[in-house]
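The values are calculated or read from the model by the stated rules, or taken from the named source; none is laboratory data. For clarity, every value in this text was computed on a predicted model and none was experimentally measured. Ideal geometry is used to build each Cβ from the backbone, glycine not excepted, and the neighbour counts take in all protein chains shown. Only protein heavy atoms, including side chains, enter the accessible area calculation; ligands, DNA and RNA are left aside. Shrake-Rupley method; radii C 1.70, N 1.55, O 1.52, S 1.80 Å.
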Amino acid sequence: MRFAVLGSGSQGNGMLVAQGNTRVLVDCGFSLRETERRLAMLGVHARQLNAVLLTHEHADHVHGVALLAQRYNVPVYLSHGTASGLRKPVQAARHVRCGDRFDIGELQVSVVGVAHDAREPTQYVFGNGNRRFGLLTDLGSYCPRVLKHYEGLDALMIEANHCRDLLASGPYPWFLKQRVGGDRGHLNNHQAANLVAELGWQGLQHLVLAHLSSKNNQPRLARDRFVDTLGCDPAWLQVADQASGLDWREIA
Ligand SMILES: [Zn+2]
Ligand SMILES: [Zn+2]
């Protein structure tokens with residue numbers, strides 16, 4: 001199994017998970033053209049996609065999805081709540097709900113409900129029968145039910161959205177600070193590092209920090225927090241950024 005990131009952050013999100021000839025795109029927050037360009041950088045053409053999975057209806061996750069699905073006739077998996085929040089409905093929608101497990105080609109998919117200020121936000125864990133990869137972004141808090149899905153993974157991409165202090169002293173208006181830092185907002189560096197510490201990270205081949213805020217975080221701060229909390233090698237930690245995402249990573 002392998003994964004790659006088209007880009008990650010409040011300006012647009014998208015990532016690929018692949019096993020054999022099965023390729024799924026999770027979220028499509030860039031314009032169609034930009035999505036095609038970023039896919040091409042990773043050696044993928046949109047017509048090779050088996051499916052698009054959406055996490056929630058925020059624009060940074062769905063901006064280009066309706067056009068992509070239409071042009072390439074790709075099925076879109078999403079929750080009822082996410083579907084109801086889309087400005088442009090997608091064709092070939094397949095509805096999923098929290099707790100679902102299903103196969104797309106050679107990939108096994110588990111749907112995890114999370115706490116975020118969207119209608120019915122979901123995250124996903126992928127497996128190939130041997131290895132498992134978890135994606136966990138856009139959540140303000142977590143409970144044991146969520147943690148359970150992410151136990152024993154071989155690779156994890158997790159949100160480290162903001163630094164508490166930078167958010168507090170930064171440019172956002174008060175209501176937005178409350179929202180981002182709240183239980184249905186985004187994980188800060190502390191929360192994300194603690195979550196990974198609770199799960200245990202020794203079995204992970206890859207740990208990728210994602211959805212970093214450009215205004216309220218810095219890659220160095222996020223890395224330092226994880227290194228302090230986990231005691232891991234700084235060079236081992238990876239960051240998926242907004243401009244260039246992350247090249248393919250193999251989960252052996
Ligand atoms: Zn987001
Ligand atoms: Zn969101």
Strands (runs of 3 or more DSSP E) enclosed by region 50-111 - at least 3 residues per element that are open to solvent by 20 Å² or more (accessible area, probe 1.4 Å) and farther than 21 Å from Y150 by Cβ: 93-96
Failed item in (1) surrounded by 16 or more Cβ atoms within 10 Å (Cβ to Cβ); (2) in a loop (DSSP other than H, G, I, E, B), with G129 passing the rest: (1)
Unique residue being closer than 22 Å to F3 by Cβ, in contact (Cβ under 8 Å) with a residue 40 or more places away in the chain and touching a helix residue (DSSP H, G or I) at 6+ places or on another chain (Cβ under 9 Å) when the list is L187, L166: L187
Count of region 5-32 residues which are within 16 Å of ligand 2 (Cβ to nearest atom), in contact with a helix residue (DSSP H, G or I) (Cβ under 8 Å, 6 or more places away or on another chain) and part of a strand (DSSP E or B): 2
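Quick one: in region 123-149, of everything that is of a type in the set (S, T, N, Q) and within 16 Å of ligand 2 (Cβ to nearest atom), which residue is farthest from D103 (Cα to Cα)? Quick ask: steps written out before the conclusion?
Here is the first cut: in region 123-149, the residues of a type in the set (S, T, N, Q) are 123, 128, 130, 137, 141.
Subset that is within 16 Å of ligand 2 (Cβ to nearest atom): 123, 137, 141.
Numbers: Q123: 16, T137: 22, S141: 28 Å.
For region 123-149, the residue satisfying everything is S141.
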Complete set of residues in region 8-46 that are farther than 15 Å from I104 by Cβ and among the basic types (K, R): R33, R37, R38
Check on R119, within 16 Å of ligand 2 (Cβ to nearest atom), among the basic types (K, R), open to solvent by 20 Å² or more (accessible area, probe 1.4 Å) and within 18 Å of the chain's Cα centre (by Cα): yes
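Could you check region 169-188 and list, in sequence order, the residues that are in a helix (DSSP H, G or I) and of a type in the set (G, A, S)? Let's see the steps before the verdict.
Restricting attention to region 169-188, the residues satisfying the condition of being in a helix (DSSP H, G or I) are 169, 174-181.
Scanning region 169-188 gives S169, G181.
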Residue in region 35-45 that is in contact with a strand residue (DSSP E or B) (Cβ under 8 Å, 6 or more places away or on another chain), more than 17 Å from V5 (Cα to Cα) and open to solvent by less than 70 Å² (accessible area, probe 1.4 Å) present: no
